Amino acid sequence: MGRNNKPKGFQRNNDDDEPMDIIRLRDGIKTTVIKNGVEFYVQTTSGNNAEESKKWICPFCSLSFGTGISHIVAWESAYGPEKRRHFHDQCWKKFQGRLF
Ligand SMILES: [Zn+2]
């Protein structure tokens, strides 16, 4: 029986860039945000990639938090990721101004 008589040109390419999307979701999406005239690179993170005993201090509320907490990593674009700071999601939203 002719099971291959679908017209050509109607085959959908389902494997577009799906693997890339999964990687982006896992590692967070890097965006640029301007706060008070200062440009920041911002990346969300699940906190699951870090070492187990890692702790960060949120520069906005000065509270520490550990791995497994979804949070925001941000650094001034004029510097580099080695100057990055870790914010609680809600603290990053409230934060306006300079980090350093
Ligand atoms: Zn905070």
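Things worth noting here:
- The ellipsoid that matches the Cα gyration tensor of region 27-94 has semi-axes, each √(5λ) in whole angstrom, of 19, 13, 11, with the longest given first.
- Length available on full extension from residue 38 to residue 70: 0.36 nm per residue minus the Cα-Cα distance, which gives 9.1 nm.
- Subset of 30/55; 54/93; 30/93; 30/54 violating a 20 Å alpha-carbon distance limit: 30/55; 54/93; 30/54
- Electrostatic dipole magnitude of region 27-94 [Cβ: Lys, Arg +1; Asp, Glu -1; Cα centre; debye, to 20]: 220 debye
- Carbon plus sulfur fraction of accessible area for region 33-73, probe 1.4 Å, in percent: 47 percent
- Residue 78 paired with residue 31, simple spin-label distance in nm, labels 7 Å along Cα-to-beta-carbon: 2.3 nm
- Global form of region 55-97, assessed from the alpha-carbon gyration tensor, a/c cut-off 1.5: oblate
- Per-residue HN-Hα couplings for region 42-47 [Karplus 6.51, -1.76, 1.60; θ = phi - 60°; Hz; x = Gly/Pro]: 10, 9, 7, 9, 7, x
The values are calculated or read from the model by the stated rules, or taken from the named source; none is laboratory data. Fair warning: this is a prediction, and the values are worked out from it, not measured in the lab. Note that we place each Cβ from the backbone using ideal geometry, even for glycine, and neighbour counts take in every protein chain shown. SASA here: full protein model, heavy atoms, side chains in, ligands and nucleic acids out. Shrake-Rupley method; radii C 1.70, N 1.55, O 1.52, S 1.80 Å.
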